[in-house]
């Protein structure tokens, strides 16, 4: 199989999973009577060459596709999808706003540790870094729209 065929196969898989995940999110919202979804605004393309941990990815980032499909599927079901600018949503504490250090269990916390599942801030707040990011997305949305 040629390289071009592999790229095409990966492209189709990305498309399938983006549609599948966006549908699961909308179904979850319908089951739980959620009327507003807030996501980061990733309208601009990501320059993968500036991100060492993403240099190998030349495809349209699947997260952007999920959000794009989520918007029209949610709209069809009467669910509003709001967006916030993605600046400083992953690198600050959702409790106090201080810059955080991320780490994985058994490793030392570091600044700019991409993929770290845990976080700690200078004020001692700690927890799951993905949940912290989700809280920051909601807080940014509330600050902007309230």
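When you scan segment 97-109, do you find a residue that is in a strand (DSSP E or B) and touching a residue at least 24 places away in the same chain (Cβ under 8 Å), even just one?
Applying the first criterion (in a strand (DSSP E or B)) to segment 97-109 yields 99, 101-103.
Of the ones still in play, those that are also touching a residue at least 24 places away in the same chain (Cβ under 8 Å) are 102.
The answer is yes; a qualifying residue exists.
From the set of residues in segment 113-146 that are part of a loop (DSSP other than H, G, I, E, B) and either closer than 27 Å to residue 82 by Cα or assigned by TED's automatic domain parsing to the domain that holds residue 39 (or both), which is modelled with the highest pLDDT?
Residues of segment 113-146 that are part of a loop (DSSP other than H, G, I, E, B), as a first pass: 113-117, 121-125, 146.
Right, trim to either closer than 27 Å to residue 82 by Cα or assigned by TED's automatic domain parsing to the domain that holds residue 39 (or both) and you get 114-117, 146.
Values: 114: 76, 115: 77, 116: 85, 117: 92, 146: 73.
So the residue we want is 117.
Condition first: closer than 30 Å to residue 10 by Cβ, part of a helix (DSSP H, G or I), modelled with pLDDT of 95 or more and out of contact with any strand residue (DSSP E or B) (no Cβ under 6 Å at 6 or more places or on another chain). Can you find one or more residues in segment 28-50 that meet it? I'd like the intermediate steps shown before the answer.
Applying the first criterion (closer than 30 Å to residue 10 by Cβ) to segment 28-50 yields 28-29, 37-50.
So of that shortlist, the ones also part of a helix (DSSP H, G or I) come out as 28-29, 48-50.
With the extra rule that they be modelled with pLDDT of 95 or more, the set shrinks to 28-29.
Then drop every residue that is not out of contact with any strand residue (DSSP E or B) (no Cβ under 6 Å at 6 or more places or on another chain), which leaves 28-29.
The answer is yes; a qualifying residue exists.
Taking the conditions exactly as written (at pLDDT below 90, buried (at least 18 other Cβ atoms within 10 Å of the Cβ) and not assigned by TED's automatic domain parsing to the domain that holds residue 9), does residue 107 satisfy them or not?
Details: at pLDDT below 90: yes; buried (at least 18 other Cβ atoms within 10 Å of the Cβ): no; not assigned by TED's automatic domain parsing to the domain that holds residue 9: yes.
For residue 107, the condition - at pLDDT below 90, buried (at least 18 other Cβ atoms within 10 Å of the Cβ) and not assigned by TED's automatic domain parsing to the domain that holds residue 9 - is not met.
Which numbered condition in (1) more than 16 Å from the chain's Cα centre (by Cα); (2) surrounded by fewer than 12 Cβ atoms within 10 Å (Cβ to Cβ) is the only one that residue 115 fails?
Tallying (1) more than 16 Å from the chain's Cα centre (by Cα); (2) surrounded by fewer than 12 Cβ atoms within 10 Å (Cβ to Cβ), residue 115 fails exactly one: (1).
Can you name the condition, by its number, that residue 73 falls short on among (1) assigned to a loop (DSSP other than H, G, I, E, B); (2) modelled with pLDDT of 95 or more; (3) in contact with a helix residue (DSSP H, G or I) (Cβ under 9 Å, 6 or more places away or on another chain)?
For residue 73, the exception is condition (1).
The values are calculated or read from the model by the stated rules, or taken from the named source; none is laboratory data. As the structure is a prediction and not an experimental result, all values here were calculated from the model. FYI the Cβ positions are ideal-geometry reconstructions off the backbone, even for glycines, and counts take in every protein chain you see.
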